[in-house]
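The values are calculated or read from the model by the stated rules, or taken from the named source; none is laboratory data. Predicted model, so just to flag it, every value in this text is computed and none were measured. Positions of Cβ are backbone-derived with ideal geometry, glycine not excepted, and every protein chain shown enters the neighbour counts. For accessibility, only protein heavy atoms count, side chains too; no ligands or nucleic acids. Shrake-Rupley method; radii C 1.70, N 1.55, O 1.52, S 1.80 Å.
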Amino acid sequence: MNKYFLVIDQGTTSSRIVLYDKHFKIFDIIQKEFMQFFPNEGWVEHDATEIWNDVKNLIAKILKKNKLISKNIISIGITNQRETTVLWNKKTGTPIYRAIVWQDRRTTKLCEKLKKQGINKKIQKITGLEVDPYFSGTKIKWIIDNVKEVKKNLKSNNLLFGTIDTWLLWNLTNGKSHLTDISNASRTMIFDSQKEKWSDEILKILNIPKKILPTVVENTFDFGSTKLFGNEIPIGGMAGDQQSATIGQACFIKGQSKSTYGTGCFLLMNIGEKFKLSKNRLLTTVAFKINGKKMFCYEGSIFVAGSVIQWLRDNLKLIKDTGETDKLYKKANKDENLYFVPALTGLGAPYWNPNARGTFFGITRKTSKEDIIKASLDSLSFQTYELIECMEKDSKIKISEIRVDGGMVKNNSFLQSLANVSQIKIIRPNNVETTSLGAAYLAAIQSGYLNSTSQINKLWKKNKIVKANISKSISKSNVRKWKLIINTVNNFY
Ligand code: ADP
């Protein structure tokens, strides 16, 4: 009987189910996009019930399509969009409000208030995070303060909180497991990443009752099992999407870094077993805890990455397909100096300015569509480079290469731009679906098919290495201009 690991990769715009064979090759993958709700300026919501139904149906569909039964599945791994917040009634299984998505900025004022009171320093020390609407903490508080159902659900002890991992697990296990893993917990802004427990101090500040929170466990764990697809299938692995990609990219040694270019861009650098705060506005986050060994990462998040290419397609209608940008980049005017700060929804690390907005610099009579495309892709290279600089300063480690993945890394012009701006080696692995791969590895460790992370190292294979083809001095001069421009934008807003 052929056996597979089944991965649930629940992302921001779509849910994917990926089947991996025992050699960690993708056997099949299916995907479905789901509804995005934008009820107010800066608000982004998902229907958690729709997400769960999609995931359940996709699993049934992929099994049926491949004529598989539950016995063919060794174990399930879950990886997910992080920070997105769900509160639900444990008797009915119904969310009491739509899921508030990580991109949602509705708690900006509350975060500003916490910063004014100086509470952000305390929160950063405990959680490693900046105080920002991005994380779950203030989203939970918003639901508690604004949704009528909260009171009676709390009184009857029927209210539960979870990020998407927890929500899916709870549904898969028919309400038996109310758990989260340490990588997801470390993104809530209410979790003490060193002591590995919910922070009573922050819960008090945000007025969040502890009883609604899930239990936090390692990334490999007996999370329970699901009986929804026939016989019991164990659930053995769980990690937030970026940490899962870090595992999928086999970044297990201090200093190793990966950058994922999907809707947003997330650069993570392994900083070893010690929790260390950044002095350059990066996040300190738990990379993973496997077999009792915990590692931390610095993380830099750029909120608008692949979504700027979607914006070129859907709003400016410059392209029909995102893939066209590769060829068009090469046709840009060599003597144009167009810069674009794509702060369409604010700036993430290291600026953390939710109010910033997109800005073009250097438009001339000659500026063409190709120049706009080039400036858009280059902007991600410049932003990545700024994050690299911060990481090198904080860690005192020189980054000599970055492993890249995500939808944008199919684009060879973009990879060349990254190499030229950063002047370091850009490495694309064979399997760029590293997010789901990480969760497959976790499930494999829990079920005994892999026994350590060193085995994952051997499985990681590169597909392409891109090196700079412009000089360091030209690159430096371009970066200098970029910094002037992004600082101007940041100061303006
Ligand atoms: P997510 O997992 O965040 O949904 P993916 O990793 O699937 O994202 O990547 C999708 C993103 O990649 C989209 O925002 C899209 O604009 C961008 N993208 C896809 N193909 C290309 C390409 N060839 N060049 C540039 N961007 C691309």
- Message: Scan the stretch 98-108 and tell me whether some residue there is among the basic types (Lys, Arg), part of a helix (DSSP H, G or I), open to solvent by less than 60 Å² (accessible area, probe 1.4 Å) and in contact with a strand residue (DSSP E or B) (Cβ under 8 Å, 6 or more places away or on another chain).
- Response: no
- Among the residues of the stretch 126-148, is there at least one that is open to solvent by 30 Å² or more (accessible area, probe 1.4 Å) and assigned to a loop (DSSP other than H, G, I, E, B)? yes
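Residues checked against (1) part of a loop (DSSP other than H, G, I, E, B); (2) within 19 Å of the chain's Cα centre (by Cα); (3) modelled with pLDDT under 95:
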residue	(1), (2), (3)
THR180	no, yes, no
SER183	no, yes, no
GLU201	no, no, no
LYS204	no, no, no
PHE223	yes, no, no
MET238	no, yes, no
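Yes/no per residue for (1) free of Cβ contacts under 8 Å to residues at least 12 places away in the same chain; (2) at positive phi:
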{"position": "GLY272", "(1), (2)": "no, yes"}
{"position": "SER278", "(1), (2)": "no, no"}
{"position": "ALA287", "(1), (2)": "no, no"}
{"position": "GLY292", "(1), (2)": "no, yes"}
{"position": "GLU299", "(1), (2)": "no, no"}
{"position": "GLY306", "(1), (2)": "no, no"}
{"position": "ILE309", "(1), (2)": "no, no"}
{"position": "ASN315", "(1), (2)": "yes, no"}
{"position": "ILE319", "(1), (2)": "no, no"}
- Task: Sort out which residues of the stretch 315-328 are surrounded by 12 or more Cβ atoms within 10 Å (Cβ to Cβ) and more than 7 Å from the ligand (Cβ to nearest atom), and write them in order of number.
- Result: LEU316, LEU318, ILE319, GLU324, LYS327, LEU328
- Quick one: would you say CYS265 is in contact with a Lys or Arg (Cβ under 6 Å, 6 or more places away or on another chain), in contact (Cβ under 8 Å) with a residue 24 or more places away in the chain, under 26 Å from THR12 (Cα atoms) and among the hydrophobic types (A, V, I, L, M, F, W, C)? no
- Message: Within the stretch 243-259, take every residue that is open to solvent by 10 Å² or more (accessible area, probe 1.4 Å) and of a type outside the set (Gly, Ala, Ser) and give me the one that is nearest to the ligand (Cβ to nearest atom).
- Response: GLN256
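Each row is one residue, and each column tells you yes or no for (1) touching a Ser or Thr at 6+ places or on another chain (Cβ under 8 Å); (2) surrounded by 18 or more Cβ atoms within 10 Å (Cβ to Cβ); (3) farther than 27 Å from VAL432 by Cα.
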residue	(1), (2), (3)
LYS32	yes, no, no
PRO39	no, no, yes
GLY42	yes, no, yes
GLU45	no, yes, yes
TRP52	no, yes, no
LYS61	no, no, no
LYS64	no, no, no
LEU68	no, yes, no
ILE73	no, yes, no
- Selected residue [over 26 Å from GLY306 (Cβ atoms) and of a type in the set (Ser, Thr, Tyr)] from THR85, THR79, THR92: THR92
- Taking the stretch 352-376 on its own, how many of its residues are over 21 Å from MET408 (Cβ atoms) and either part of a loop (DSSP other than H, G, I, E, B) or open to solvent by less than 40 Å² (accessible area, probe 1.4 Å) (or both)? 14
- Note on the structure: Pairs returned, first residue in the stretch 115-133 that is at negative phi, second residue that is open to solvent by 20 Å² or more (accessible area, probe 1.4 Å) and among the β-branched types (Val, Ile, Thr), beta-carbon separation under 9 angstrom, 6 or more apart or interchain, are ILE119/ILE205; LYS122/ILE205; ILE123/ILE205; VAL131/ILE119; ASP132/THR108; PRO133/THR108
- Message: Could you tell me how many of the residues in the stretch 1-55 are away from the ligand (no atom under 14 Å from the Cβ) and in a loop (DSSP other than H, G, I, E, B)?
- Response: 16
- Of all residues in the stretch 40-59, count the ones that are more than 22 Å from the chain's Cα centre (by Cα) and modelled with pLDDT under 95. 2
- Could you name every one of the helices (runs of 4 or more DSSP H) located completely within the stretch 377-461 that has at least 1 residues being modelled with pLDDT of 95 or more, within 16 Å of the ligand (Cβ to nearest atom) and farther than 24 Å from VAL18 by Cβ? 412-422
